[in-house]
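Quick notes on the structure that follows.
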Amino acid sequence: MSHLFSPTTLGNVSLPNRIVIAPMCEYSAEEGCATDWHMIHLGNLALSGAGLLFVEATAVEADGRISPGDLGLWSDETEAALGRVVAAVRRYSPIKLGIQLGHAGRKASSDAPWNGGQLVPESAGGWLGWAPSAVPHNDQEPAPRALDAAGLARVRDAYVASAKRALRLGFDAIEVHAAHGYLLHQFLSPLSNRRDDAYGGSLENRMRFPLEVFEALREVTPSSVALGVRVSATDWVEGGWDLEQTLAFAQALKARGCEFIDVSSGGVSPQQKIPVGPNYQVPFAEEIKRRIGMPTITVGLITEAQQAEDILSQGKADMVALARGMLYNPRWPWHAAAQLGGQVDAPRQYWRSQPRELKSLFGETRFGQR
């Protein structure tokens, strides 16, 4: 059996294969509410045959949105809007659904990428972000507001409130976003965390707030729902967050009941120098898997079926995530299954598309007509 199409579990959540659709921002929400775009986009990906589909980074409070068009889950209105999309997916697809909960911190109030992706100033309808310290993302931007004790409690409680909403909506997995230069990553990295209290300085102190957020979510998340964390394994900047610190963080998360680590990198500094290429982040996932023993998801320029199969067969990760590759080819799992001799779920409305030479690609099917 192909490794890619062998079943696995995240916590107590069973998955039919090891293909994950990574969370991808769409910048198409309205005041945090999912729109018809999300219905089309997520509905399309839900028919892909992947084992797990993550909804994009979803803000736990309005100020925590990466952009004005970001999805949110902080109110009854945002919950209802996302609920309509989830209900439609559930009606037509057996795919497991995950949600990534996050807070953009000092990288909030960014314009959509097709508009340049830069900071939207308050004068143009943007807002001032929050951060561990009053240190801007780059020298041309205003300093964010440093979170005080009340602010830390507010953000932590916002994560819990959003998680409870996600649980009401029936998500199978929750991923805490502690990567890509957003708020929890900002606490972890010495490049962005300049605090001199219990939340800054030493590695133990810099990990404190992200771990407090995780612990709060662990308390409210039942064992039937997988709870994990996305990390940036390195800042790709000298003197910044790195793999050894990531390993310490992963160990601390494991001790607190974390069930998977989704391994990415970068995002906290414009000074980063990333050697982008196929599999460039896989060694980080491999080292975390080897030394911490927690299920790992790897992502980043994984585009070919055999490439994904090799990563898994060589024990470098437990699951493989695709983002842009899945946007380019929303039926990637179908084609991968055809190439590797796997089997994949497909909606019965599409059964007749099964190639004649691949009689079992979609499992047990039947299709007749008068």
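Evaluating kT/(6 pi eta Rh) at 4 °C and 1.567 mPa s, with the Kirkwood radius of the range 22-71 over Cα pairs in the Stokes-Einstein relation, gives 115 µm² s⁻¹.
Projecting the Cα positions of 128, 169, 149 onto the charge dipole of the chain (unit charges on Cβ atoms of Lys, Arg, Asp and Glu, taken about the Cα centre) puts 169 furthest along the positive direction. Figure legend: label point modelled 7 angstrom from the Cα of residue 84 along Cα→Cβ; residues of the range 21-40 with amide N under 16 Å from it are 28-40.
Built from the Cα atoms of the range 96-249, the convex hull projects on average onto 10.3 nm², one quarter of its surface area. Our summary of shape: the Cα atoms of the range 1-126 have principal axis extents of 57, 27, 26 Å, ordered from largest down, in whole angstrom.
Net length available on complete extension from residue 271 to residue 339 is 20.5 nm, with 0.36 nm assigned per residue and the Cα-Cα distance removed.
Available extension along the chain between residue 352 and residue 310 is 12.1 nm, counting 0.36 nm per residue and deducting the alpha carbon span.
Might you report the magnitude of the Cβ-based charge dipole of the chain about its Cα centre, with Lys and Arg at +1 and Asp and Glu at -1, to the nearest 20 debye? Walk me through the numbers before you get to the answer.
Values: 35 positive and 40 negative charges, 267 e Å.
My answer is approximately 1280 debye.
In this structure, the pairs whose alpha-carbon distance is over 29 Å, taken from 96/316; 96/289; 316/359; 289/359; 107/316, are 316/359; 289/359; 107/316.
How many angstrom separate the Cα center of the range 135-160 from the Cα center of the range 253-291? Centre-to-centre distance over Cα atoms comes out at 24 Å.
Per the Cα gyration tensor, the range 222-279 maps to an equivalent ellipsoid with semi-axes of 26, 13, 9 Å, ordered largest to smallest.
Kindly provide the helix-only [θ] at 222 nm of the chain, computed as the sum of -39,500 (n - 2.57) over DSSP H runs of four or more divided by all residues, to the nearest 500 deg cm²/dmol?
Mean residue ellipticity, 222 nm, calculated: -10000 deg cm²/dmol.
Once all protein chains are placed together, residue 202 keeps about 60 Å² accessible to a 1.4 angstrom probe.
Distance between the 7 Å Cα→Cβ label points at residue 223 and residue 328: 4.3 nm.
The apolar share of the surface of the chain, taken as the fraction of accessible area on carbon and sulfur atoms (1.4 Å probe, ligands and nucleic acids excluded), comes to 49 percent. In this simple spin-label approximation, residue 135 and residue 255 carry label points 7 Å from Cα along the Cα→Cβ vector, and these lie 2.5 nm apart. For the chain, hydrophobic long helices are taken as DSSP H runs at least 27 Å long by C-alpha position along their axis with mean Kyte-Doolittle hydropathy of 0.0 or more; these are 149-168.
What size of dipole, in debye to the nearest 20, comes out for the range 233-370 about its Cα centre when the only charges are +1 on Lys and Arg C-beta atoms and -1 on Asp and Glu C-beta atoms? Show your work: numbers first, answer last.
On the way: 15 positive and 15 negative charges, 168 e Å.
Here the size comes out at about 800 debye.
When the Cα convex hull of the range 84-153 is projected onto planes of every orientation, the mean area is 7.6 nm². The length gained by stretching the chain between residue 366 and residue 114 to full extension, at 0.36 nm per residue less their Cα-Cα distance, is 86.3 nm.
Return one whole number: the accessible area per residue of the chain in Å², for a 1.4 Å probe.
Averaged over the residues of the chain, the accessible area is 43 Å².
Pairwise Cα separations in the range 221-370 fall into 10 Å bins from 0 onward with the following percentages, short to long: 10, 31, 30, 18, 8, 2, 0, 0.
Distance distribution P(r), the chain, all Cα-Cα pairs, bin width 20 angstrom from 0: 30, 59, 11, 0 percent.
The values are calculated or read from the model by the stated rules, or taken from the named source; none is laboratory data. Everything numeric here is computed off the predicted structure, so don't read it as measured data. Quick reminder, even Gly has a Cβ in these numbers, built from the backbone with ideal geometry, and neighbours come from all protein chains shown. These accessible areas exclude ligands, DNA and RNA; they are computed on the full protein's heavy atoms, side chains included. Shrake-Rupley method; radii C 1.70, N 1.55, O 1.52, S 1.80 Å.
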